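The values are calculated or read from the model by the stated rules, or taken from the named source; none is laboratory data. All values reported here derive from a predicted model rather than from experimental measurement. In this analysis, Cβ positions are derived from the backbone assuming ideal geometry, glycine residues included, and neighbour counts consider all displayed protein chains. For the accessible areas, the whole protein counts, side chains as well, though only heavy atoms, and no ligand, DNA or RNA atoms are used. Shrake-Rupley method; radii C 1.70, N 1.55, O 1.52, S 1.80 Å.
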Amino acid sequence: KNSTGLGNGQAADPVPQEPFGGTPWKIPGKIEAENFDIPGIGTGNDSYRVESSGHGNADYREEDPNIYTNATGYVLGYNSEGNWYEYTVDVAETGPYTMFAAVAAAGSTSSFQISMDGEAVTEAIAVPKASSGEENYSDYSKVQANVSLTEGKHIMRITVTGAWFDIDYVNFEKGENAEDSSPIKKGDA
């Protein structure tokens, strides 16, 4: 009998998901979309769900729910409605924050929502349509929302509520309607 119980007809012990890189992402701070948690084992320990995978072009990590190179490095693309990604985060202090997200869409039906520990902290946030080109996923825009967060470790989830957009990162700044510390400059995309 091996220590995991695998291979002898017994289910493996559940293993919780864990932060990619080993440390929860700090808020305030920037969280790269491709750095979703490493999946665990067993029911409820998934760290992402995608409709279809294998569309990515990056060998960034073992799990590839459509990671490819664009914008400032790696992005999560081919986002079908219902896809989600989870991140272990550590919020410095309870209070108001401004969430910024770098996103790109070719159409005008794309949107996403952010939740903490299963509770929505934003409404569905619309992703702006690219300024030109039918299949333009290189025209990144910043969207923002004021959120109220609680100090400590949480599981943040980005849920796709309207299909077909790419997400590069989310950035949380302290305070309501805060200034974005990493604005998109021309030539970033």
* Work out from phi, with θ = phi - 60° and the Karplus expression 6.51 cos²θ - 1.76 cosθ + 1.60, the ³J(HN,Hα) of each residue of region 84-98, listed in order in whole Hz, and give x for Gly and Pro. => 8, 9, 10, 9, 7, 10, 10, 8, 4, 7, 5, x, x, 9, 10
* Under a 1.4 Å probe, what is the accessible area of region 1-155 per residue, stated in Å²? -> 51 Å²
* What Kirkwood radius, in Å to one decimal, follows from the Cα pairs of region 52-111? -> 14.0 Å
* Structure fact -> Placing each pseudo-label 7 Å from Cα in the direction of the beta carbon, Ala124 and Ser108 end up separated by a distance in nanometres of 1.6 nm
* At each listed q (0.12, 0.15, 0.19 Å⁻¹), what is the log10 of I(q)/I(0) that the Debye formula gives for region 109-189 modelled as equal alpha-carbon point scatterers? -> -0.40, -0.62, -0.95
* To do: Could you work out the relative contact order of the chain, using alpha carbon pairs under 8 angstrom and six or more residues apart, expressed as a whole percent?
  => 26 percent
* Where does region 28-72 land on the Kirkwood hydrodynamic radius, alpha-carbon pairs, in angstrom? -> 12.0 Å
* Nearest 5 is fine: what % of DSSP beta bridges in the chain come out antiparallel, could you say? => 90 percent
* Structure fact -> Whole-percent carbon and sulfur contribution to the accessible surface of the chain (1.4 Å, no ligands, DNA or RNA) stands at 47 percent
* Structure fact -> Whole-Å distance linking the alpha carbon centroid of region 109-175 with that of region 34-80 is 16 Å
* Using the per-residue mean of other Cβ atoms lying within 10 Å as a proxy for protection, in what order, highest first, do the peptides 149-156, 94-101 fall? -> 94-101, 149-156
* To do: Using only the alpha carbons, work out the radius of gyration and Dmax of the chain in angstrom.
  => 17.2, 60
